[in-house]
1. Tell me yes or no: at least one residue of the range 127-143 is in contact (Cβ under 8 Å) with a residue 12 or more places away in the chain and either assigned to a helix (DSSP H, G or I) or touching a strand residue (DSSP E or B) at 6+ places or on another chain (Cβ under 7 Å) (or both).
2. Please pick out the residue among D82, D49, D17 that is of a type outside the set (F, W, Y), part of a helix (DSSP H, G or I) and within 30 Å of Q97 (Cβ to Cβ).
3. Check whether at least one residue in the range 80-88 is among the aliphatic types (A, V, I, L, M), touching a residue at least 12 places away in the same chain (Cβ under 8 Å), closer than 30 Å to A133 by Cβ and out of contact with any helix residue (DSSP H, G or I) (no Cβ under 9 Å at 6 or more places or on another chain), and report yes or no.
4. Pairs under 6 Å by beta carbon, first residue farther than 30 Å from R89 by Cα in the range 1-29, partner among the hydroxyl-bearing types (S, T, Y), six or more apart or different chains?
5. Does any residue in the range 92-113 that is touching a residue at least 40 places away in the same chain (Cβ under 8 Å) and part of a helix (DSSP H, G or I) come within less than 6 Å, Cβ to Cβ, of a residue that is surrounded by 12 or more Cβ atoms within 10 Å (Cβ to Cβ) and among the aromatic types (F, W, Y) six or more places away or on a different chain, and which pairs are these?
6. How many of the residues in the range 87-124 are among the aliphatic types (A, V, I, L, M) and touching a Phe, Trp or Tyr at 6+ places or on another chain (Cβ under 9 Å)?
7. Go through the range 97-130 residue by residue and tally those that are surrounded by 14 or more Cβ atoms within 10 Å (Cβ to Cβ) and under 26 Å from D7 (Cα atoms).
8. For the range 44-64, name all the residues that are surrounded by 14 or more Cβ atoms within 10 Å (Cβ to Cβ) and of a type in the set (A, V, I, L, M).
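The values are calculated or read from the model by the stated rules, or taken from the named source; none is laboratory data. What you see is a predicted model; the values in this text were computed from it and never measured. Methodologically, a virtual Cβ is constructed for each residue, glycine included, from the backbone with ideal geometry; neighbour enumeration extends over all protein chains shown.
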Amino acid sequence: MNQVQFDYDGALRLARDLHATAQRLELLLTERDHRATTALRSWRGPHGDVFRARATTEDQEARSVVGALTVEALDWAQAWADAINEQNRRNRERRVQELSDARAIGERLVDLAVGDDSDQQVADLRYISVPRAPDFVPTGSLQRF
């Protein structure tokens, strides 16, 4: 069974970077919104209206980017968990097959009557959960069977 081709460390590093970028952008938006609100308190006239409309549009678009960055970070964390769980499943399956293949002829004859118990000789999989923001610390590791 093949190895899962996945950059485990890189995926969580990317998730952290994307999340940190989203947080920095959120902070900038909050500061910018405060400054725009302060400016618009006394700014009247057509230029004030144009500024208000542009500020509102830009704020909405930037908040959309914050949301997209956050979702992307969570998606990379999910991909990490999916990849590590798949590799662990493959590692376990490989070990079960090794045990089954190593059985003597007498055991194989018994297996025909009662079934192969190789699967029961290998520890169960431990499900690895999705790392959480903002640190995206690994919640498990590759399992050896």
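1. no
2. The match here is D82.
3. Within the range 80-88, one or more residues are among the aliphatic types (A, V, I, L, M), touching a residue at least 12 places away in the same chain (Cβ under 8 Å), closer than 30 Å to A133 by Cβ and out of contact with any helix residue (DSSP H, G or I) (no Cβ under 9 Å at 6 or more places or on another chain).
4. A22/T70
5. Sorted first by the residue in the range 92-113, then by its partner, the pairs are R92/F145; R95/F145.
6. 3
7. 3
8. A55, A62
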